[in-house]
Structure formats: C-alpha cells, structure tokens
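Derivation of every value follows stated rules applied to the coordinates shown; laboratory data play no part. All values reported here derive from a predicted model rather than from experimental measurement. Counting neighbours? That spans all protein chains shown, and the Cβs are built from the backbone with ideal geometry, glycine included.
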Amino acid sequence: MEKTVYQKMQERYGVDTPCKFCGVTFLKLPRKPKHVFCSKSCMSRFNWNQPGRMDAVQKAGTARMHSEEWAQRSSQRMKHLNSDPEFRAKLDAKSRLRKGIPFPVERGGNGKPIPLPQIMMHELLDWSPDWLSEYAIGTGDISKNISGLPTHYKADLANPQRKIVLEIDGIGHKWHRVKERDKRKDWILGLLGWTVYRFTNQEVLDLCPFMISRLKEITTT
C-alpha cells in the first residue's frame, strides 16, 4: 500500500506532536524544534489565556492612548472627519438609530417656515379665504382652571366660521408624549366648540385617496 504524503514527510522530517492548546496531533519539523502549537490560532488563544496577559495588554494600550503623540493624532483625525458633512450625516444617523430617535423632518411652528404638507393641504382647499394658516385659538377662561394650559393653541389650518381645525402631523407626533399632548389639545379645543381633524404628512404628500375623500366630507358638510 502506497504511503501518503503526510506519512512520507513524517518518516523523513518529523514526528507527531500534540498541540499544547487543543491537543490535536501535528507534524513537528526538525527545522522548527520550538513549535508546540498546531496553528497560529492556538498559539494566540494560549497566550491570551495566560495569567496577567490581559492586564498587560490593557496597560500598554492605556499608556499608548494617554501619550501626547496619540492625542495629537486622534485630535487631527477627528477634526478632519468632523469637517466632512457626509461623515457627520452618517454618524448622526447611526446615533439616532441606536437611541431610537426619529430622524429630523421639516417642522412648522412659531418663527418657522410653513411645511410643504401644510401648503399642499391649503392648496387642496383652493386657497379659500375661509381657511387660515397658523391660526391662534385662545383658551380663554379654561386656562385659568387647568394648570399648565397655554393661553392659546396654534392650528395648522382653521376655519373660524365653522370652527374646524385641520392638523397635519409629522413623524414626531408618533412619540407617546407628543400623542398625549395632541390629545389634550384636541380635548381643550373640543371644549371651546372646535372640531379637530388630523392627517399625517405622508398622507398629504402622497395625496392619499382616503385623505382626499375625508377632506371633501369635511368641507362639504
């Protein structure tokens, strides 16, 4: 029976030796008498498992990180990366995903431009003068009896004659605390005789058929 290549090498060059880490037998060659591991992986894992090895590596790494040269290189690297808008956008996106924070969207409010969905909604209403954008509704005497209530609420679109309010909500209105604040706003406006209808930014931007039919019902009834 013909011998294998490994058997021929074993007879000519070396002997079978058990690995010091995993115990698997390997061929130890005469030119490498100090070899006691079957692979570099076993050698690395054996060294890492030695007492004090981890502490020594951590101390060396800490000393390196606190050196003046390392601090200067790190500072220059971060300055270069922070000046890159693409890097900042990726970093912000990763941070928001990790913390579960919604991504920034175009928002309305005091001192801010009117968002596109709100403009589109006004356009769907044919820019009727009966519908007013960013209309302030005073809370009157109710604010005196309920603590923490503002003196007025801003409506995205309002029809003062019919006392109808249209609210166009962005992604931020999905937060629990914002939902509770919206519920309170709708309740207070209801006490003042107003009817509130809410739509999402996406429904308006996509010209959702349900939104359009609902808007027709609101304006015709």
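Which aspartates and glutamates have a Cα lying under 14 Å from the Cα of LYS179, excluding residues fewer than 8 positions away in the same chain?
In chain and number order, the partners are GLU167, ASP169.
If you keep only loop residues by DSSP, which chymotrypsin sites (Phe, Trp or Tyr not before Pro) in the stretch 150-221 have at most 15 other Cβ atoms within 10 Å of their Cβ?
TRP175
Mind checking the alpha-carbon convex hull of the stretch 119-178 and giving the volume per residue in Å³?
Convex hull of Cα atoms, per residue: 99 Å³.
Between PHE87 and LEU191, 0.36 nm times their residue separation minus their Cα-Cα distance comes to what?
32.5 nm
Check which residues have an amide H placed less than 5 Å from ASP169's amide H, if you skip close sequence neighbours.
Counting only residues 5 or more places away or on other chains, the set is PHE199, THR200, ASN201.
If I model a spin label at LYS34 and TRP175 as a point 7 Å from the Cα along the Cα→Cβ vector, what separation in nanometres do I get?
So the label points at LYS34 and TRP175 sit 6.2 nm apart.
In the structure shown, do any of LYS154/LYS174; LYS163/LYS183; LYS185/LYS216; LYS154/LYS216; LYS163/LYS185; LYS40/LYS94 have a Cα-Cα gap over 26 Å, and if so which?
Beyond 26 Å between Cα atoms: LYS40/LYS94.
From Cα pairs below 8 angstrom and at least 6 apart in sequence, can you work out the relative contact order of the stretch 19-91, rounded to a whole percent?
17 percent
For the stretch 116-220, take N as its residue count and report Rg(C-alpha) divided by 2.2 N^0.38 Å.
Rg over 2.2 N^0.38 Å, computed on Cα atoms: 1.08.
Want the number for CYS208 to ARG77: 0.36 nm per residue separation, take away the alpha-carbon distance, what's left?
42.4 nm
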